[in-house]
1. Among 165, 280, what is the fewest-to-most ranking by other Cβ atoms within 10 Å?
2. Suppose the chain between residue 228 and residue 104 were pulled fully straight at 0.36 nm per residue; how much longer would it get relative to their current alpha carbon spacing?
3. Multiplying the sequence separation of residue 77 and residue 263 by 0.36 nm and subtracting their Cα-Cα distance, what value in nm do you get?
4. Using a ≥ b ≥ c from the Cα gyration tensor of region 213-261 (square roots of the eigenvalues), is it rounded, prolate or oblate, where a/c under 1.5 gives rounded and otherwise the larger of a/b and b/c decides, a/b for prolate?
5. Rounded, prolate or oblate: pick one for region 256-302, where a ≥ b ≥ c are the square roots of the eigenvalues of its C-alpha gyration tensor, a/c under 1.5 means rounded, and failing that, prolate if a/b is larger than b/c, else oblate.
6. For 16, 284, what's the fewest-to-most ordering of other Cβ within 10 Å of each Cβ?
7. Based on the Cβ-Cβ distance from residue 22 to residue 169, what FRET efficiency comes out when R0 is 22 Å, to the nearest 0.05?
8. Which of rounded, prolate, oblate describes region 199-290, given a ≥ b ≥ c as roots of the alpha-carbon gyration tensor eigenvalues and a/c under 1.5 marking rounded, otherwise prolate only if a/b is larger than b/c?
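Every number in this text was worked out from the coordinates using simple rules, so none of it is lab data. A quick note: this is a predicted structure, and the numbers were derived from the prediction, not measured. Cβ: placed from backbone, ideal geometry, glycine included. Neighbour counts: every protein chain shown.
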């Protein structure tokens, strides 16, 4: 019996070692400069990326943009691009991060990656659906007499058991390529329902409804206030502010809309998949906020080939988009994103938004450049 147990343990060990080796080979071909990354708890932001920020930069759009900027820069001028975004962050997290940490980089330009698929939902606690069924605690904003009021800050102390588990996860992430292949998620805290009212779970796709539900009207108002507050904070520290509009797969590819239209509650309600994009562009135009819209570029690249997209299965921290091409993890999306801006960042022209006829379906931060 003891011999069999040892044999089983030996087999498992050999299997894990082989899998670890294969994962390391895959990682080496995928990204030569991978650094250990993980989400860490923060009392003021909820959670954020930890360890080497340069490693984070190399895994997303930041590295490509930095290379393009430096290739076009004159002699003695260099740019540094840092990605300060984290999976599942909303605009509220971005604002809190800049106030507490981002401003210390003294950025020349701050680009807010605004994801039309769920950022509006993430900014309003009453429609925020717990990811993976687990509430990831964070401070949040409420509207009181037309003003944003910050609630639930700082966060309560982390229980010892959670702290031990988190440190174990950090150890594995830093040393195991196999463990890094597992889907990531932000840290969770138990007892959140006691700290704040539990939000009602949002039904997927409500942001695309022609008639915006009242909770989403409030969510949009909070979101607009957060964008303005972030712009004010950036400009107060001498930087420029702009918004990159990143769209969901349902907006880009008609072939992905079945994920929503298969639900009777959504299918039987009038909806417009272009609505979130139009609303945010109109708002930015009205407020004179420079923006980089990506929907047309994404549709031109992927709109006719919805088979090129797969569901959001992630391996560690990722950019703010919820879709990624199958050919290479987010590589095509990064290529399109970084080549889309041509010339200075200016406010985008936004025509008056007129909703389509109701349809019923059948089916990061840039720190100041330095001279060497």
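1. Placing the least packed residue first, the sequence is 165, 280.
2. 42.7 nm
3. Once the chain is fully extended between residue 77 and residue 263, it gains 61.6 nm.
4. Note, shape of region 213-261 comes out oblate.
5. It is oblate, given that a/c is not under 1.5 and a/b is not larger than b/c.
6. Listed from fewest to most nearby Cβ atoms, that is 16, 284.
7. Efficiency computed from Cβ-Cβ geometry: 0.55.
8. prolate
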